[in-house]
Amino acid sequence: MPFILSTLSRLFFFIMLAVSLFILLRGHNEPGGGFVGGLIAAAAFATLVLANGVNSARAVLRIHPVVLMGVGLGLAVLSGLPGLVSNASYLSHWWVDIAGTHLGTATVFDVGVYFVVMGGILCLVFRLYEEAVQ
Amino acid sequence: MPFEAIIAIALAGALIARPVAPLIGRWSGWVFAVLPLSLFVFLAAHIPQIGVEGVLLATHEWIPSLGIALGFRLDGFSLLFSLLITGIGTLVVIYAGSYFAEKPPAQAGRFLALILLFMTAMLGTVLSDDLIVMFVFWELTSLTSFMLIGFDSHKLEARKSALQSLLVTGGGGLALFAGILLIGLTLGTFSFTEVIARSDELIAGPYLVPIIILILAGAFTKSAQFPFHFWLPNAMAAPTPASAYLHSATMVKLGVFLLARFDGVFADVPAFGVTLVIFGMITMSIAAFEALRASGFKAVLAQSTVASLGILVMLIGLDGEVAVVATVGFIITHAFYKAALFFCAGTAIHATGESSLRKLGGLARFLPITAAAAVLASLSMAGLPPFVGFISKEYLFEAQLESNWNMVPVIVAVLVNAIMVGVAGVVSIRPFFLNRDRITSVHHGEKPGLLVGPLLLASAGILMGFFSQYAAQLLIAPAASALYGAPIDVSFALWHGLTPMLALSALVVTIGALILVFWDSIHIVLRRRRVLHGLFGDRGYQAVHDGILGFARASTRWLQNGDQNHYTAIVVATVVLVLAVGMLASEDGLALALSDDPFRISVIAVLAIAAVGAMSSIFARSLIAALVCVGIVGFASALLFMMNGAPDLALTQFAVETLLVIILSAILLRLPVRRHHTRSLTERRRDGFLAVAFSGVIFVAIVSMTAMPLDFRLSEYFGQTSYLEAYGRNVVNVILVDYRAIDTLGEIAVVAFATMAAWALLRSATAKPGKDGKG
């Protein structure tokens, strides 16, 4: 196992994860969003896979990537429900204004996209690298 | 009148039946019967009101943008059907509780849940006023029927029959849906009440013929009319309580229900009635003939059910008040005696384990009350006085004699009814009283739960015969008036005097008795003729079914032969062809023009990098090197996005390219490192030709597209409103998560499911036993 890569991968992992969250959250006003954020998060875990193997990446992720996709899809579906209450139209988003920052169900929806993309990519990465090592 | 409450209560029962029934154990049938029984009582309490007011309507908004409302309509006809559904439903639930007593409790729970779900769907279908709502419930009956026919899913026959019934009734359902949409297109409403009020507009409308054909297709498939008559006898693979309920008393009558409803709408279209009479006659003749050939207990009953449905369809096609009364009367009569006979058949088959009439005999020793019920029910079926079957047969002949038709329908009806008399005798006398040596012991005797249903229904047949004036006033007159559109004075009485109908009845009974006496010889002669095997069966269905599967297999073999090069070639060739034809055929023609934008040296540089990457991928010796070269093209295009004001796209492209290299190298690492090309020179030439053609077509397409004036209205709208309405300045993201969020939802669902499928495929291809636990 390459020592330098393994050590640096921890650092890169946290930086990439932080960047992915940053990109996810700023996506509404600046370039970014759930899709790109999810891709970068997946890349963060892929770095761990390349450096330390699938098992350590799995251990860091804790939950199964398929479950992650399910959670994301569930969040996206649920985020549309409040719209049914107020506007009688699915996926009409709700907003709250907290100190100039608008937060709403659209953010939840974007987080859902983030998880689905991240989980989907990681499904493939984990599976393929597991095979490659054996 | 809380219609929704009725449906909601039934649905709630269906939902709790599966978990709760096993807890109650052997009494579950009795306990759950309370639910349909209370609905029955509740509906029955509306009989006086309907008798006075005629129609009760209730409407709630559902999807106003599509003009669909939760509209419900209770008139005499739907009340009659709801009473049959809940009444017979009660008996079926009680019967099923005992029928499944020896089976695992979970199985009984599953069955009760399906039966109650089916009851919900039936109630919804007959009570809906909105045609779209009716269609939704209509399809639910097809689905529950599929589940119930395939209930014994370990049997190949059950699965096959279930699929067949689903394909036939589901296909008919789609036709019906198309017909409903055309009605909505013509009249601008889906409310049946309005459709019948404005029927002259519908008849004058442009879609009259397609509407009639589509509705007939829906009704004929559901009610097993020729040429779709084959599925119902096969549906006998269902457990007998389900056969009694779905495939004789209620669901198969939905087609009749629909036709009777629309008979009022198409009253001024003569061809509608003529078609019904002709198809009804063909169906009843075929079914009566097949009944003579059938040897299974349930099979004989099923064929006679198809014949009865044919009689009903023919009656609807006849004009006049008498025909309407005859229709309604026969619906009730048939539901009573046929459900009772199915119950008796179920008990006999369940107690002996034999389903063929040729192996059953002398069961009256073991099942005396069941035998009595079978005899009572079959007397009503045979149409003997004083049973209600006699009255409805009189009405059938009167309706035929009063119509404008010649004697053909009468002759057919006499013959078919005579065979029904024979069937009635065969199914009641032979298994229960003759051939006592065939059965020497039974698995179980009679239980109260197995007796309530057949006894009540069979005795109702004779009670209705004696007290026919009450039945006429309370049930038949409101139902017939609702169908006829005007009040009808119904004199549904046993004795009509010495009429031609009485003579015909006598003739029917005489021929029927002869058929009964010579049943064995007729049966054997008909069965010996090999020509007759499958003559009226499902050969046509099989041919279509196998043909479609064969086509699918052949096209799959050609399209998906496992060669990745082949797939790519097909996809690329298709794109080239479609784009080229599309561009050449378009009216605007090709508008090739150079853009006026200034020449940017940076763009040229990036393009040059991309070109170098693409060229080197062709000459790369190893796959890994080729992958890196393709990656260069990807990063170059990301740079282009960045330079042209699409940072979101660029960001995504960078991320995708990175992950693509990671994923693909995992795959490539496991491929053998090939030094030589595996493709022959001809193949490589073809690949090269395709690649050049693809790039050429795409180039021309892009140039001509950008030369056309762009419509910026949508972009401007999004740009202006994205912050005001959706609080986001990144228009791309706002479109994704807000304006077009439902599209995004669909896309991420596709991503999730496709990935899951790929993940599962990768797992099964390399799974090692006992090792890959984590997945």
Rounding to the nearest 10 and keeping the result within 0 to 90°, find how far the Cα-based axis of helix B:131-149 lies from the longest principal axis of chain B. 80
Where in chain B is the longest stretch that carries no chymotrypsin sites (Phe, Trp or Tyr not before Pro) classed as loop by DSSP and with at most 13 other Cβ atoms within 10 Å? B:1-466
Which residues of the stretch B:607-654 show a drop of at least 20 Å² in accessible area when all protein chains are present, compared with their chain alone (probe radius 1.4 Å, heavy atoms only, ligands and nucleic acids excluded)? B:647, B:648, B:651, B:652
Any chance you could look up the accessible area of residue A:11 with a 1.4 Å probe, heavy atoms only, rounded to 10 Å²? 100
If unit charges are put on Cβ atoms (+1 for Lys and Arg, -1 for Asp and Glu) and the dipole of the protein assembly as shown is taken about its Cα centre, the option from B:118, A:83, B:631 lying farthest towards the positive end turns out to be B:631
Förster radius 30 Å - calculated FRET efficiency between residue B:196 and residue B:65 (Cβ-Cβ, nearest 0.05): 0.75
Set B:103/B:298; B:155/B:338; B:103/B:393 screened for pairs whose C-alpha atoms are more than 31 Å apart: B:103/B:393
Charged-residue dipole, Cβ positions (Lys, Arg, Asp, Glu), the stretch B:323-427 about Cα centre, Debye nearest 20: 420
Which residues does a label at residue B:725 reach in the stretch A:51-90, if reach means a backbone N under 20 Å from a point 7 Å past the Cα toward the Cβ? A:80-90
Where in chain A are the DSSP H helices whose C-alpha atoms run 18 Å or more along the long axis and whose mean Kyte hydropathy is at least 1.0? A:3-26, A:34-52, A:65-79, A:105-133
How are the Cα pair distances of the stretch B:1-140 distributed, in percent, across 10 Å bins from 0? 13, 40, 29, 15, 3, 0
Can you give the log10 of the normalised intensity I(q)/I(0) at q = 0.22 Å⁻¹, computed with Debye over equal Cα scatterers of the stretch B:337-437? -1.04
Quick shape summary for chain A, equivalent ellipsoid via Cα gyration tensor, semi-axes whole Å in descending order, reads 33, 17, 9
What one gets for the stretch B:592-673 as the Kirkwood radius, inverse of mean 1/r over different Cα pairs in Å, is 14.0
For q values of 0.05, 0.09, 0.10 Å⁻¹, compute log₁₀ I(q)/I(0) with the Debye formula on a Cα-only model of the protein assembly as shown, without solvent. -0.43, -1.02, -1.12
Measuring from the longest principal axis of the C-alpha atoms of chain B, the long axis of helix B:28-44 (C-alpha) lies at a number of degrees, nearest 10, equal to 80
Probe radius 1.4 Å, ligands and nucleic acids ignored: give me the carbon and sulfur share of the accessible area of the stretch A:3-133 as a rounded percent. 74
For chain A, built as a Gaussian network whose Cα springs stay under 10 Å, the top-fluctuating residue of A:83, A:70, A:120: A:83
Grab the Cα-Cα distance for residue B:680 and residue B:30, subtract it from 0.36 nm times how many residues apart they are, and report the gain in nm with one decimal. 226.5 nm
Want the number for residue B:763 to residue B:4: 0.36 nm per residue separation, take away the alpha-carbon distance, what's left? 268.5 nm
Looking at B:525, B:536, B:651, which one has the Cα that reaches farthest to the positive end of the dipole of the stretch B:519-673 (charges on Cβ: Lys, Arg +1; Asp, Glu -1)? B:525
Compute and list, largest first, the equivalent-ellipsoid semi-axes of the stretch B:3-543 from the alpha carbon gyration tensor, each √(5λ) rounded to a whole angstrom. 33, 28, 23
Just grab the label-to-label distance for residue B:660 and residue B:473, each label 7 Å out from Cα along the Cβ direction, in nm (one decimal). 8.3
Please list the non-local residues whose amide H lies under 5 Å from the amide H of residue B:356, H modeled 1.01 Å from N, same-chain partners needing a gap of 5 or more. B:297
Ignoring ligands, DNA and RNA, please state the percent of accessible area on chain B from carbon and sulfur, probe 1.4 Å. 69
Could you check the spin-label model distance between residue B:271 and residue B:527? Points 7 Å from the Cα along Cα→Cβ, value in nm. 4.4
Helix axis angle, B:647-669 relative to chain B longest principal axis, alpha carbon, degrees: 80
Report relative contact order for chain B in percent, whole number only (criteria: Cα-Cα under 8 Å, sequence separation at least 6). 10
As a test question: what accessible area, to the nearest 10 Å², does residue B:566 have when a 1.4 Å probe is rolled over all protein chains in place? 40
Taking every residue of A:75-81, the Cβ atoms of other protein chains inside 10 Å of its Cβ average out to 2
Nearest 0.05, what FRET efficiency do residue B:41 and residue B:136 give at R0 = 30 Å with Cβ-Cβ as r? 0.65
Which FRET efficiency, nearest 0.05, do residue B:608 and residue B:543 yield, Cβ-Cβ r, R0 60 Å? 0.45
Spin-label model distance (nm) - residue B:572 vs residue B:486, 7 Å beyond Cα toward Cβ: 7.5
Computed accessible area, residue B:398, all protein chains, 1.4 angstrom probe, square angstrom: 40
With charges only on Cβ, +1 for K and R and -1 for D and E, what is the dipole size of the protein assembly as shown about its Cα centre, in debye, rounded to 20? 4200
Solvent-accessible area per residue for the stretch A:3-133 at a 1.4 Å probe radius, Å²? 43
Inverting the mean 1/r over all pairs of different Cα atoms, compute the Kirkwood radius of the stretch B:538-651 and quote it in Å. 18.9
If one takes the accessible area of chain B alone plus chain A alone and subtracts that of the pair, with a 1.4 Å probe, what total in Å², rounded to the nearest 100, results? 4000
Test assert for the stretch A:29-57: residues whose accessible surface shrinks by at least 50 Å² between chain alone and all chains, 1.4 Å probe, equal A:29, A:31, A:36, A:39
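The values are calculated or read from the model by the stated rules, or taken from the named source; none is laboratory data. This structure is a prediction, so every number in the text was calculated from the model and none was measured. Neighbour counts run over all protein chains shown; Cβ positions are idealised from the backbone, glycine included. Protein only, heavy atoms only, side chains kept; ligands, DNA and RNA dropped before computing areas. Shrake-Rupley method; radii C 1.70, N 1.55, O 1.52, S 1.80 Å.
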